[in-house]
Amino acid sequence: MNNSKHQYFRPVWTSGRYDKKSHSAIIYNLASGKSYFFEDTAADVIDYMLIADRNEKIDICKIVNELAIDEESISVFFDNLEKEGIITFCNNLGELLVNVQNRCCNTKPDYSKNMQKEAEDAEYDYQKR
């Protein structure tokens with residue numbers, strides 16, 4: 001499996017919440033200004049990732065074993081999360097932050113009122129569940 005070769009870390013620029021009752025999660029990439037919504041098994045995986053402190057290694061084996069997820073299926077999920085900057089391969093924060101901002105954003109994030117409104121709407125939708 002691809003993930004067994006990598007150690008993934010939760011970067012300091014992520015935050016999120018998991019709701020056990022609705023089986024959903026929302027995670028924010030504060031470096032790119034994007035938020036992501038997950039349901040069902042994907043939300044459960046995000047819950048385990050949020051348990052890890054920022055800049056701490058994510059225990060992939062624990063996630064696979066406790067959620068009874070096939071290692072190959074989670075590999076694609078983790079690769080996508082890494083591409084979006086939600087998880088990283090290392091914990092060298094200075095370089096990683098610059099790389100994630102460059103990769104996720106063609107330009108610098110626009111922290112305008114519209115972006116804040118979108119984040120508030122996503123949070124409101126999450127709370128309504």
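Taken together, the values in this text are just the output of simple stated rules run on the coordinates, not laboratory data. Model, not experiment: these values are computed from the prediction. Don't worry about glycine lacking a Cβ; one is built from the backbone with ideal geometry, like all the others, and counts go over all protein chains shown.
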Rounded to one decimal in nm, the spacing of the 7 Å Cα→Cβ label points at Cys90 and Glu56 is 2.3
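Stretch Gln7-Asn80 to full length: gain in nm at 0.36 nm per residue minus the Cα-Cα span?
On the way: separation 73, 0.36 × 73 = 26.28 nm, distance 1.49 nm.
Length gained, Gln7 through Asn80: 24.8 nm.
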